[in-house]
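Visitor: Let me begin by handing over the structure; questions about it come next.
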Amino acid sequence: MGRIEGLESDLFSDIHDLAVDGDGRIYVVDPGMQNVRIFDRDGQVVREMAPEGEGPGERRHRRMAYLGPTSVTWEPDRARLWIDDGFQRQVLDSIGVEYRRDMRTGNFYTNPDIPAGKIVQFDTQGHIYEYQRLPIGDTTVSYIARGVPTAQYDVVFSDTLTIDSRALKSGETRTTERTIGAARVSIAVSDKRPERDEHVWTVSTARGTVWISVSERRQLHEVAFTGDTLRTFDLETAPNELDVSPEGWIWIRHSGANAETTWDLLDNCGERRGSVSLPVPVSLTHVGRDGVVHVVWSDDLDIEYIMRLRLEGDVDRRMCQG
């Protein structure tokens, strides 16, 4: 999915995140194009929603925010899409009707000791997970909070897991130029990405636990919200991203040689089952059921595309039943 030029809906500019619903529809948040786009299982455009603006169903798209890229998270029970950049949180349905909007900019100044948060995931029990960071000061503390959304889409957090990570710092400014359409309009895009945290983590949606990788130690831990470490595995390479499939398989992404992308796969017992790779660099991975994976990758001109892959084999099986 994606193309190099034109003004069509499958031209991407700055993909921050994607989510997939139970019917395989793909929701892509692209602040560069100032909207959220929906594609069907075959990659055809269904509709655009959340355009730039301040009215119902609209939003102010931020290229960069304190908590990093904008997140989109699908809530399966009520078929709702949560869009969150740490400043503005919206809840929409699949056609763009808005059910809730929260603005939290004032918390950065009036309550500097309250963590700024961003919704990032749901589990199969209906719990919602929020990535948090203290909004003021050079802190090295991050949090993962777990709660339950109410009927009015308020989130009541009951458990918080504290992890240590490096404070976010602005990276180098990267400017690229591209020509779009017949008009041959040249656009310069400057991008500042935050430095990667020392800890990479994700939620196991089936178990309701958190997988955390300690980069300098090259270890992978499954941690409960009580703080207890349930399992630990040694890794050969520090990961760029962690993902856990609904069946409990762990996908550990890291950059390989010659701009390749490689995933090491552990089954839900923690046994290493091998590696798979792509000959292109990948910036985002979304692992679904039955070995289906969506990735975001960029070509040599820094044009972004979305690719759906399927890993053949027994990756849809739970090897351990505990």
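The values are calculated or read from the model by the stated rules, or taken from the named source; none is laboratory data. These numbers were taken from a predicted model, which means no experiment stands behind them. Cβ coordinates were reconstructed from backbone atoms using ideal geometry, including for glycine residues, and neighbour counts include every protein chain displayed. These area figures cover heavy atoms from the full protein model, side chains too; ligands, DNA and RNA do not enter into them. Shrake-Rupley method; radii C 1.70, N 1.55, O 1.52, S 1.80 Å.
Visitor: What is the sum of charges, Lys and Arg at +1 and Asp and Glu at -1, for the other residues whose Cβ falls under 15 Å from the Cβ of Val91?
Guide: Here the charged neighbours net out to -3.
Visitor: Gain in length, Asp234 to Glu271, computed as 0.36 nm per residue apart minus the alpha-carbon separation, to one decimal in nm?
Guide: On the way: separation 37, 0.36 × 37 = 13.32 nm, distance 1.12 nm.
Roughly 12.2 nm would be gained on extension.
Visitor: What does the charge count around Pro51 come to, taking other residues whose C-beta lies under 14 Å from its C-beta (Lys +1, Arg +1, Asp -1, Glu -1)?
Guide: -2
Visitor: Another question about this same structure. At 7 Å along the Cα-to-beta-carbon direction for both Asp302 and Glu54, put a label point, then send me their distance in nm to one decimal.
Guide: Label at Asp302, label at Glu54, 3.1 nm between them.
Visitor: Then there's this: Which value, in Å² and to the nearest 10, is the accessible area of His127 when all protein chains are kept and the probe is 1.4 Å?
Guide: That residue has around 50 Å² of solvent-accessible surface.
Visitor: Applying the Karplus parametrisation 6.51 cos²θ - 1.76 cosθ + 1.60 with θ = phi - 60° to the phi angles of the range 30-45, what ³J(HN,Hα) value in whole Hz is obtained for each residue in order, glycine and proline being reported as x?
Guide: Ordered by residue, 3J(HN,Hα) equals 9, x, x, 8, 6, 6, 10, 10, 10, 10, 7, 4, 8, x, 7, 5 Hz.
Visitor: What does the charge add up to near Arg273, with Lys and Arg as +1, Asp and Glu as -1, over the other residues with Cβ less than 10 Å from its Cβ?
Guide: -3
Visitor: Grab every C-alpha pair in the range 4-43, bin the distances at 5 angstrom width from 0 up to the longest one, and report whole percents.
Guide: 6, 24, 30, 24, 12, 3, 0
Visitor: Separate question: Return the whole-Å distance between the Cα centroid of the range 5-28 and the Cα centroid of the range 215-281.
Guide: First find each Cα centre; the distance between them is then 25 Å.
Visitor: I've got another one for you. Take Ile4, Ile15 and sort them by solvent-accessible surface of the protein heavy atoms, 1.4 Å probe, largest at the top.
Guide: Working: Ile4 80, Ile15 10 Å².
Correct descending sequence by accessible area is Ile4, Ile15.
Visitor: Let me ask something else. Between Ala206 and Asp154, what's the calculated FRET efficiency when r is the beta-carbon distance and R0 is 30 Å? Round to 0.05.
Guide: Taking R0 as 30 Å, the efficiency between Ala206 and Asp154 is 0.75.
Visitor: Take Ser298, Ser275, Ser245 and sort them by solvent-accessible surface of the protein heavy atoms, 1.4 Å probe, largest at the top.
Guide: Ser275, Ser298, Ser245
Visitor: Another question about this same structure. Please give the length that would be gained between Asp21 and Glu8 if that part of the chain were fully extended, namely 0.36 nm times their separation in residues minus their C-alpha to C-alpha distance (nm, one decimal).
Guide: 2.4 nm is the gain from fully extending Asp21 to Glu8.
Visitor: Could you order Phe157, Phe12, Phe225 so the one with the most accessible surface comes first? Probe is 1.4 Å.
Guide: From most accessible down to least: Phe157, Phe225, Phe12.
Visitor: Report the full-extension gain for the segment Gln44 to Asp93: residue separation times 0.36 nm, less the Cα-Cα distance, to one decimal in nm.
Guide: 15.7 nm
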